[in-house]
1. Under 20 Å Cα-Cα from Lys49, which lysines qualify once same-chain neighbours fewer than 8 residues away are excluded?
2. Using Cβ counts within 10 Å as a stand-in for footprinting exposure, how do Trp194, Trp141 rank, fewest first?
3. Which of Lys431, Lys216 comes first, and how do the rest follow, when ranked by fewest Cβ neighbours within 10 Å?
4. For the pair Arg232/Phe297, report the inter-label distance in nm, with labels modelled 7 Å from Cα in the Cβ direction.
5. Going through the cross-link list Lys20/Lys238; Lys216/Lys246; Lys92/Lys431; Lys20/Lys431; Lys224/Lys431; Lys20/Lys246, which pairs have a Cα-Cα distance over 27 Å in this structure?
6. Quote the convex hull volume per residue of the range 214-269, based on C-alpha atoms, as a whole number of Å³.
7. Sort out for me the Cα centre separation of the range 377-395 from the range 96-127, rounded to whole Å.
8. How big is the charge dipole of the range 17-440 about its Cα centre, in debye rounded to the nearest 20, if each Lys and Arg gets +1 on its Cβ and each Asp and Glu gets -1 on its Cβ?
Amino acid sequence: MTSTNAAKAVTRKPPAGALKAYVASLTGTSLEYYDFAIYSVASALVFPKIFFPGNDEFVALLLSFSAFAVGYLARPIGGVIFGRLGDKIGRKYVLVFTLVLIGVATVLIGALPDYSVIGVAAPTILVLLRLAQGIGVGGEWGGAVLLSSEFGDPNKRGFWSSAAQIGPPAGNLMANGVLAILAASLSNEAFLSWGWRVAFLASALLVGFGLIIRLKLEETPVFKAIQAHGERPKAPIKEVFTTEPKALVSAALSRVCPDVLYALFTVFVAVYATKQLGMTTGNVLAAILIGSAFQLFLIPLAGALTDRFNRRLVYGVTAAVTAVYIPLFFLMIQGKSVVMLTIGTVIGLALHAFMYGPQAAFITEQFPARLRYAGSSLAYTLAGVIGGAVAPIIFTALYGAASGGWYLIAGYLVLTAVVTIVGMVLGRDPKPEEDVRLLQESPA
């Protein structure tokens, strides 16, 4: 089990604001990952043609995925900036700023003239806006996780932390849904000309809605207790590196396999299925849409499951199953069946859910409460650099090297699974009694 008998004996009931914080965390990250997800899909299907035009389609795709990677590479900047602020001034106001930053960047991408209008300035500005998106997401995740988990029962951190984890598939669901409708209702020329922009511009309304919710939130009980004890760190980033190096490494490695797996099924599958198997964009988007819908339920289920069974064991076993499944997936879709593509994508995203659901709890519980925002943000963002950031580029390069074959891609996934299993071995089990003690002894 993941908690001690002593902690269970003194478990506090979630305060009245717990459900509200759960919804706010889920809603906010859903809106922000909608912004991030439409960029992910557009980087595979749209941007190579309008921002990186050229005679070589393969090179254009690599350039587009490189711009996609910038968002991940920028995340550590956001992790450092907002992780520090989150442990010093609190979770709430940092989350408001990250929401605005991502929203503004996304709307501006939707309004950005393409290469045919302003030349090389177009991809340059695109990369800068992608940088802003990445910085915002780098600071968003750690705060969103703490928002829900620090209001909830520390013995059930797997479930309460899963709120922020539902955000990416929910955002992906909305993004792919909008893009699928646009792609189905418009000609290819109209979609490439202006249709894709609608999805980006619409995020203004979504971000405005999320902003209203977050401004009404209170600070988390755990951070209030840290304030009352006078335990806010003066240099949280420095402390994480000097006092929690093992925790940082373990938490970072835990993200590699889920990140790469998600990039495979939400970004690269679109390329492989359309170019190698001759399927339509609509076929691929529908498969991703269905898989993301299943994740909405599987992620909190996986988080709750690891509150009852050892979190590291469930996580590690799922990583091992993933290594076995990827070759099976590629064999399944060689018949060019849309049904098999959909089933394969649903299973792949289900495996992702069983790692991603408990991931937030695993990462945050590696660090003491006073360093949680900084530690979690650093681990999350640094792992993104070696995981999700380069995954589409590596997939494309391996795909090209194997002349359209999938064997090298499967080998890459096996390697990431091993890396994540190592992270599980290095990690520690939950210690909910630390939060319980902090809250009970608070002078506030």
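1. Lys275
2. Working: Trp194 12, Trp141 29.
So the residues, fewest neighbours to most, are Trp194, Trp141.
3. Values: Lys431 16, Lys216 10.
Fewest to most other Cβ atoms nearby, the residues stand as Lys216, Lys431.
4. 4.3 nm
5. Working: Lys20/Lys238 33 Å; Lys216/Lys246 37 Å; Lys92/Lys431 24 Å; Lys20/Lys431 25 Å; Lys224/Lys431 20 Å; Lys20/Lys246 34 Å.
Checking Cα-Cα distances, Lys20/Lys238; Lys216/Lys246; Lys20/Lys246 exceed 27 Å.
6. Working: hull volume 8.7 nm³, N = 56.
So the per-residue Cα hull volume is 156 Å³.
7. Between the Cα centre of the range 377-395 and that of the range 96-127, the gap is 22 Å.
8. In total the dipole reaches around 600 debye.
Throughout, read-outs are computed from the coordinates displayed, never taken from laboratory work. Treat the numbers as computed from the prediction; the structure is a model and nothing was measured. Here the Cβ is made from the backbone with ideal geometry for all residues, glycine too, and neighbour counts use every protein chain on show.
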